[in-house]
Amino acid sequence: MNRHGDRFESPSLSQLIEHLRRFPTREALRRSAWYQEHRRALARLLNTPELYPSPGAKPRLQAFTRVVQWNIEKGKAFDGLVEILSQHPVLKYADLIFLNEVDDGMARSGNRHVARELGARLHMHVAFAPAHLELTKGWGDDVNVPGENRGGRQGNAVLSRYPFGEVRIVELPAEFELFEFAEKRFGRRIALVAEVLIDGKPLIAISVHLEVRTTPQGRARQMAALMRTLDRWSMSGPALLAGDLNTHTFRRGTRWRTIRSTARLLLASPPRLNQRLLRPHRSGDEPLFTILEQYGFEIDAFNSSQPTHRSYLTTLEDADHLPAPIRSWVLQRLARYDHRLDMKLDWMAGRRVSALRSGEVIDAATGIASLCPQAISSLVARGRPLSDHAPIVADIRL
């Protein structure tokens, strides 16, 4: 009801986004009468997970479960993703897929509900949780894509050929204010927590995407908050956590952090630093792994040390924090890294779950043998790379 007693309809997503983008800062939004009137509608949009069942979902492997984790870069290469996940000799047998950076209603990804449409094409059940309302067309080349957003959400998803039980969203502590960033967003980082019933046995599947523009300590705070929430919900059974944990080991998000990280690059031995970037769970550079282990999660058995992302130093947004003359000098000095850093940002961690090795188990119906955990790099379909991240794969048994 409005103040005159007349009934009105709840605003649409596009109307909410149109109003949100008018506010210059989060504080200005928070103090506005408009926000006080619509904050419950906004909370419902961001705190309601979505389930899309597939009548044709049937596991492709019986003796074990193949799991994939993939940051799909919004789903901009949608047709290629469908092709690879349907035809790749390893990926096509994945019965449980964790996804980050999943668009809904964004021009850059064809205005698709990417998770729902992927599930329909792959005959998989879908759980989707929005993390942000997108208030722009995106970043970089995204802004030049023809057309406008018909919706404007991004989040995490889990695709499964096993049925879902309960699905929840965990809000993570804010470590960077995206509302005041060039790619303006309203929301927060989240974890999607879905109960997956594998042969009737429950597995807690946790799809998480941690903050990139913060410090290792900031990501540790986010992981600690997630673990405490699982404890509070009494979720102590078999669990598999997968996601883009953004474990680049640098301090990002402010000018002072950029200066410190630049000094680290200039002073470090490139071979030694490159090794640390691929093993941040053992170097101590990312304390979130210690937290995972304290809560009973195993890491090494579910991961290889292969890189999952390549950062090009000449195009990093952090360079904008440096004065132009210094930036030019720094980039010249960083030529010894070949102007790039290979990183392992994407991870799985299991609790009361077994990660299999190559040939340990063979599926009788298909003849498919289990594989060691691995990253699958350089995936291209229809003439274009599918994402700026490589998918990682692990075979598991409860």
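Numbers at a glance
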quantity	calculated
Lone qualifier among ARG116, ARG121, ARG22, ARG108 - being over 20 Å from VAL208 (Cβ atoms), at pLDDT 95 or above, of a type in the set (D, E, K, R) and outside any helix (DSSP H, G or I)	ARG22
Residues (at pLDDT 95 or above and either farther than 26 Å from ARG384 by Cα or of a type in the set (Gly, Ala, Ser) (or both)) located in the stretch 56-83	ALA57, LYS58, PRO59, ARG60, LEU61, GLN62, ALA63, PHE64, THR65, GLY75, ALA77, GLY80
Selection status of PHE128, at pLDDT 95 or above, under 15 Å from the mean Cα position of the chain (by Cα) and over 30 Å from ALA365 (Cα atoms)	yes
Where GLU360 falls short, out of the listed (1) charged (D, E, K, R); (2) buried (at least 22 other Cβ atoms within 10 Å of the Cβ); (3) assigned to a loop (DSSP other than H, G, I, E, B)	(2)
Answer residue from the stretch 363-398, given it is modelled with pLDDT of 95 or more and charged (D, E, K, R) and is surrounded by the most Cβ atoms within 10 Å (Cβ to Cβ) among those	ASP395
Qualifying residues in the stretch 97-112 (those that are buried (at least 24 other Cβ atoms within 10 Å of the Cβ) and not β-branched (Val, Ile, Thr)) - the one nearest to the chain's Cα centre (by Cα)	ASN100
Options ALA225, ALA242, ALA263; residue that is out of contact with any strand residue (DSSP E or B) (no Cβ under 8 Å at 6 or more places or on another chain) and not polar (S, T, N, Q)	ALA263
Test: residue in the stretch 297-305 that is in a loop (DSSP other than H, G, I, E, B), within 20 Å of the chain's Cα centre (by Cα) and surrounded by fewer than 15 Cβ atoms within 10 Å (Cβ to Cβ)	yes
Filter result (surrounded by fewer than 17 Cβ atoms within 10 Å (Cβ to Cβ) and either charged (D, E, K, R) or at pLDDT below 95 (or both)) within the stretch 158-170	GLU166
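The rows are residues; the columns are (1) surrounded by 22 or more Cβ atoms within 10 Å (Cβ to Cβ); (2) in contact (Cβ under 8 Å) with a residue 12 or more places away in the chain; (3) not aliphatic (A, V, I, L, M).
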{"residue": "ALA174", "(1), (2), (3)": "no, yes, no"}
{"residue": "GLY187", "(1), (2), (3)": "no, yes, yes"}
{"residue": "GLU195", "(1), (2), (3)": "no, yes, yes"}
{"residue": "PRO202", "(1), (2), (3)": "no, yes, yes"}
{"residue": "ALA205", "(1), (2), (3)": "yes, yes, no"}
{"residue": "VAL208", "(1), (2), (3)": "yes, yes, no"}
{"residue": "THR215", "(1), (2), (3)": "no, yes, yes"}
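The values are calculated or read from the model by the stated rules, or taken from the named source; none is laboratory data. Every value quoted in this text rests on a predicted model; they were computed, and no experiment measured them. As a convention, Cβ positions derive from the backbone with ideal geometry for all residues, glycine included, and neighbour counts pool all protein chains shown.
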